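Chemist: Could you have a look at this structure, given as structure tokens, before my questions?
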Amino acid sequence: MHTIGLDIGTTSICAVKTDADSGEVKLSRTRANNAAIDGTAEFEKLQDADVIAETVRELLAEAGGGAAIGLTGQMHGILYTDANGNAVSPLYTWQDRRGDEPYKDGLTYAEYLSRESGLKSAAGFGMTTHFYNTVNGLVPPNAAALCTIADYAGMKLTGAKRPVLHPSNADSLGLFDAGTGKFWREDSAPKVADGFPLLGETADGIPVSAAIGDNQASFIGSVRDMERAVLVNVGTGSQVSLKVTRGDAPKGLEARPCVGGGFLLVGAALCGGRSFALLERFFRDTAQLGGKGGDSFYPYIDKWLEANQTLPKDAPVFSNKFCGTRENPRERGTVTNLGIHNFTPGHFIAGILRGIAEELFSLYAQTGAKRDFLAGAGNGIRKNRALARLLEELFGLPLHIPAHTEEAAFGAGLFALTAAGRRKTLGEAQQMIQYERSRHNV
């Protein structure tokens, strides 16, 4: 018995097939997401929904049969479907900025919606995009519903004509009250179904579950016990996530609907792993000034880290908010404690890494919660032992890294097993998770 999880990302699409008894990944395939479409306005970020759906079908054909299929993927974005469940618009991705265009009262579309509704709204959020399209006459005349790309992929696999959104996906569209499970304006909102809903079956009779949010999928695919765990994830951005019972969040954090009930308290840093990439680019550009070519500097950084297992304590103090924050996009990073003695490449490497780790720990401290199990996900942690050690040092816990590398796809597969009735509870399905014997553990 196998479960298949699909993660539809902005730049890549992944399928993971897992043995539902042992938890061993039997197949993992990734394809580039080549569905980008040129827009007519600078703020537009569009993709072809049917190209994505076809890539999903191809990946499933490679994976073969299974007991259940689960879906997750890029959140916030939307597309429109007609009464037969076919796309009648491109996918407006989470990177689309039309919500930042000026609207009225000196406010942008997103700011106006936030003021009027009292709910979360931002550029790139699906309901903000939909509001802009409605005001400007851009909603296709034959549009019957809207949904995320993962929801649409599920419709294409099952032949469903109307989308059904899990709350974890619905919340990503904005203007959604997670406490009541309803959108601000129900007349234009898609249907929402809590719990573990199934969309239907493929032509081969494989059950397909409703798509879930990628943050939630990564969390349930990384921890065996959601009540005890805190997850740190470092990719381009970085996040700290833990489950709570209440839907109120401290300033600077978000409470998102959690799979199986409760809420996922999330603190997000927009420039987590990207800050390390910025440092590598700085070193590479510096070398080019001296005519040394543009080769990657990651091997040199790795070599320095191997030779300096104990990072210098007197490194410059970096605040890695180079991309701003969700609350203040205009905020920028800072460097302090910089002197003659620590103005060196090695000290900068140590400072940037400590800045990533300390921002995540600061977000965790803001939750006021105490957890006794630390899990780590994302390539920023898997590929950087020094960062993993810093996280263990700050959290005071050993870091457990899942043996599988595609945590969100794996988590979607666990959700599907539960939705299809192959496991009695999600917690039972999560016992499949295996962890590396990490070299990072202190």
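The values are calculated or read from the model by the stated rules, or taken from the named source; none is laboratory data. Treat the numbers as computed from the prediction; the structure is a model and nothing was measured. Please note: Cβ atoms are built from the backbone with ideal geometry, for glycine as well, and neighbour counts cover all protein chains shown.
Chemist: Just wondering, is there one or more residues in the stretch 104-111 that are surrounded by 17 or more Cβ atoms within 10 Å (Cβ to Cβ), assigned to a helix (DSSP H, G or I) and among the aliphatic types (A, V, I, L, M)?
Modeler: Yes, the stretch 104-111 contains a residue that is surrounded by 17 or more Cβ atoms within 10 Å (Cβ to Cβ), assigned to a helix (DSSP H, G or I) and among the aliphatic types (A, V, I, L, M).
Chemist: What number of residues within the stretch 128-138 satisfy the criterion of being within 16 Å of Pro90 (Cβ to Cβ) and either buried (at least 17 other Cβ atoms within 10 Å of the Cβ) or not assigned by TED's automatic domain parsing to the domain that holds Ser188 (or both)?
Modeler: So the answer is 4.
Rundown of residues vs (1) outside the structural domain of Leu173 (by TED's automatic domain parsing); (2) touching a helix residue (DSSP H, G or I) at 6+ places or on another chain (Cβ under 6 Å); (3) at pLDDT below 95; (4) hydrophobic (A, V, I, L, M, F, W, C), yes/no style:
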site	(1), (2), (3), (4)
Thr18	no, yes, no, no
Leu46	no, no, no, yes
Ala49	no, yes, no, yes
Leu59	no, no, no, yes
Ala63	no, no, yes, yes
Tyr80	no, no, no, no
Leu91	no, yes, no, yes
Arg115	no, no, no, no
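Chemist: Looking at Asp50, is it farther than 18 Å from Pro190 by Cβ, surrounded by fewer than 22 Cβ atoms within 10 Å (Cβ to Cβ) and of a type in the set (D, E, K, R)?
Modeler: Answer is yes for this residue.
Chemist: Considering only residues that are touching a helix residue (DSSP H, G or I) at 6+ places or on another chain (Cβ under 7 Å) and in a loop (DSSP other than H, G, I, E, B), look in the stretch 161-189 and name the one that is surrounded by the fewest Cβ atoms within 10 Å (Cβ to Cβ).
Modeler: So the residue we want is Gly181.
Chemist: Another question, then. Report yes if Ala160 is more than 21 Å from the chain's Cα centre (by Cα), within 23 Å of Gly85 (Cβ to Cβ) and either of a type in the set (Gly, Ala, Ser) or not assigned by TED's automatic domain parsing to the domain that holds Gly9 (or both), otherwise no.
Modeler: yes
Chemist: Next up: Failed condition for His404, given (1) surrounded by 23 or more Cβ atoms within 10 Å (Cβ to Cβ); (2) not in a loop (DSSP other than H, G, I, E, B), with all others met?
Modeler: (2)
Chemist: A follow-up question, please. Taking the stretch 70-89 as the search range and keeping residues that are in a strand (DSSP E or B) and out of contact with any Pro (no Cβ under 6 Å at 6 or more places or on another chain), which one is nearest to Thr128 (Cα to Cα)?
Modeler: Across the stretch 70-89, the extreme among qualifying residues is Ile78.
Chemist: Now a separate question. For a quick check of your reading: which strands (runs of 3 or more DSSP E) sit entirely within the stretch 283-378 and have at least 2 residues that are in the same structural domain as Leu270 (by TED's automatic domain parsing) and over 14 Å from Val232 (Cα atoms)?
Modeler: Counting at least 2 such residues, we get 317-319, 334-336.
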